[in-house]
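Heads up: the structure comes next, in structure tokens.
Bear in mind that the values in this text are calculations on the coordinates, not laboratory data. Only a predicted model underlies this, so the values are computations on that prediction, with no experimental measurement involved. For neighbour counting, all protein chains shown are included, and Cβ atoms are generated from backbone atoms with ideal geometry for every residue, glycine included.
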Ligand code: ADP
């Protein structure tokens, strides 16, 4: 399977991305992790992006696209799919990664959108800040990351929705419930994604499930 994850900070992208990757035995390509790894190793790239990460700003499209291109090429060589987490984050990246993937015959088959309220996201991120030591989990930077998500990342969701490849899940539910809904949807879709052309597909909105079962 080839899956993109689009979600605001704190929605559980990293957790769900890792679970999906394990379940489908595909690489988990998480741009934030890859960038933080460069920072930790103090590579030239890491030193160049550190300030952006600390401030919660997006790093340049060119840098992330180069990193992701390498990872998708590697997945292609290994004959595997991918879970791409953290990219695309704006319309330029969305178009660019689509072109890159097309030339490799590796375009995403499903785009997962994790949906959550800002208040809950801020609460989760600040709780995480007490446990982990991510330099971008201070309240000011968290609010900046959320604002960027709403301004430039969320608009790409409509593009995928119109293409009929979007699956929206309520990420306010407990982690295991979110994971079950994602994996069930993906397993049901797995045999179809290569047979049904995008033009004949329809997006799926599962965000009512949480409320329907009183899980909030
Ligand atoms: P979160 O979604 O919680 O903000 P990530 O680990 O996905 O966490 O991203 C952390 C930071 O890494 C972002 O705030 C940004 O600075 C940088 N980053 C990650 N992916 C991208 C991307 N596709 N384009 C630009 N910057 C990115």
If we scan segment 169-182, do we find a residue that is under 22 Å from residue 18 (Cα atoms), assigned to a strand (DSSP E or B) and under 18 Å from the mean Cα position of the chain (by Cα)?
-> yes
All but one of (1) surrounded by 15 or more Cβ atoms within 10 Å (Cβ to Cβ); (2) out of contact with any helix residue (DSSP H, G or I) (no Cβ under 7 Å at 6 or more places or on another chain); (3) touching a residue at least 40 places away in the same chain (Cβ under 8 Å) hold for residue 129, so report the exception by its number.
-> (3)
Among (1) more than 14 Å from the ligand (Cβ to nearest atom); (2) farther than 19 Å from residue 108 by Cβ; (3) surrounded by 15 or more Cβ atoms within 10 Å (Cβ to Cβ), which single condition is residue 168 missing?
-> (2)
Would you mind stating whether residue 127 is within 16 Å of the ligand (Cβ to nearest atom) and part of a loop (DSSP other than H, G, I, E, B)?
-> no
Between residues in segment 1-30 that are at positive phi and residues that are within 12 Å of the ligand (Cβ to nearest atom) and part of a strand (DSSP E or B), which pairs lie under 8 Å by C-beta distance while being six or more apart or on different chains?
-> 12/114
Conditions (1) under 24 Å from residue 81 (Cα atoms); (2) surrounded by 18 or more Cβ atoms within 10 Å (Cβ to Cβ); number of the one not met by residue 173 = (1)
